[in-house]
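Here the structure comes first, spelled out in structure tokens, and everything after it is commentary.
The values are calculated or read from the model by the stated rules, or taken from the named source; none is laboratory data. Given the structure is predicted, the values throughout are model-derived calculations rather than measurements. Positions of Cβ are generated from backbone atoms using ideal geometry, with glycine treated the same way; all protein chains shown enter the neighbour counts.
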Amino acid sequence: MSSRPLYYDDAYRREFAGAVVGSEEQAIFLDQTCFYPRGGGQPGDSGELEIDGVWRPVAPARRIKGQIAHIVDGEIPAAGTRLRGRIDWDRRFRLMRLHTALHVLSQVVFSEYGAQVTGANIADDGAKARMDFALEGMRIAEILGDLEKATNDLIGQGAAVKTYELPRAEAFQIPDLIRSHINLLPESITQVRIVEIVGIDLQADGGTHVASTDQIGTVKMIGGANKGRINRRVEIAVAD
């Protein structure tokens, strides 16, 4: 039984109640959860589970055999046990701000240079994020200032961020929906989750995002590097 991903219903939900449906070693599987599991370059949520009246730390969530794993120390509760959980909200919100900022950045690079994304990752502590682009022949250090200004200009529009699903065939009628250099969307996925930054960007994506670009803050370009012949890396941070 797969966990119901409550973070898709409401990315701002911090606490929940659930029931244990199984376990494997120190991993607990629940019927529903607010813990986002690592994926798409976004780290998994950390937080706590209340088990038998005691709040126990949960390591960053990840998938084990397709299920969202809540990894804790100590005795594992039996199937059917009811418990409560809460995510580390400050950390999650930093990750959401960075993830949405990366979408805006990718739109800037795509619209200005026609370059696709070749890789992305957000630091586990939410201090920074990086995105790689197919910008062969470009000296990335020379355009960081322009990228920063263009990204913040779009963020400053205060655009709403919406998420929804479309049937795969319908979704793939949208031009440039897959912004990555290689389409990583498995054929088994029949419903495609869309993240739309209204008037700015539209991409297939499975992560959590802020509700409006004005919640991102100010994006700072903190580094750039040439990674081989084709790839160019941009590192960002966000400030209030």
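Remarks
- Answer residue from region 154-203, given it is at pLDDT below 95 and among the small types (Gly, Ala, Ser) and is nearest to residue 220 (Cα to Cα) among those: 180
- A single entry from 29, 16 fulfils the requirement of being in a strand (DSSP E or B), modelled with pLDDT of 95 or more and in contact with a helix residue (DSSP H, G or I) (Cβ under 7 Å, 6 or more places away or on another chain): 16.
- Condition check for residue 104: closer than 18 Å to residue 219 by Cα, over 18 Å from the mean Cα position of the chain (by Cα) and among the hydrophobic types (A, V, I, L, M, F, W, C): no
- Among residues of region 57-68 that are assigned by TED's automatic domain parsing to the domain that holds residue 29 and touching a residue at least 60 places away in the same chain (Cβ under 8 Å), those with a Cβ under 8 angstrom from a residue that is surrounded by 14 or more Cβ atoms within 10 Å (Cβ to Cβ) and of a type in the set (A, V, I, L, M, F, W, C), sequence gap 6+ or separate chain, pair up as 67/29; 68/29; 68/30; 68/35; 68/61.
- Residues that are of a type in the set (Gly, Ala, Ser) and either touching a residue at least 60 places away in the same chain (Cβ under 8 Å) or not in a strand (DSSP E or B) (or both) within region 192-215 comprise 199, 206, 207, 211, listed in sequence order.
- Residue 189 vs. criteria out of contact with any helix residue (DSSP H, G or I) (no Cβ under 7 Å at 6 or more places or on another chain), free of Cβ contacts under 8 Å to residues at least 60 places away in the same chain and either in a loop (DSSP other than H, G, I, E, B) or surrounded by 14 or more Cβ atoms within 10 Å (Cβ to Cβ) (or both): no
- Qualifying positions in region 154-182 - under 22 Å from residue 42 (Cα atoms) and exposed (fewer than 11 other Cβ atoms within 10 Å of the Cβ): 164, 182
- Criterion violated by residue 141 - all others in (1) more than 19 Å from residue 99 (Cα to Cα); (2) in contact (Cβ under 8 Å) with a residue 40 or more places away in the chain; (3) crowded, with 17+ Cβ neighbours inside 10 Å satisfied: (3)
- The residue that is farthest from the chain's Cα centre (by Cα), counting only those in region 39-54 that are surrounded by fewer than 17 Cβ atoms within 10 Å (Cβ to Cβ), in a strand (DSSP E or B) and in contact (Cβ under 8 Å) with a residue 12 or more places away in the chain, is 50.
- Enumeration of residues in region 192-233 that are crowded, with 20+ Cβ neighbours inside 10 Å and among the hydroxyl-bearing types (Ser, Thr, Tyr): 208, 213
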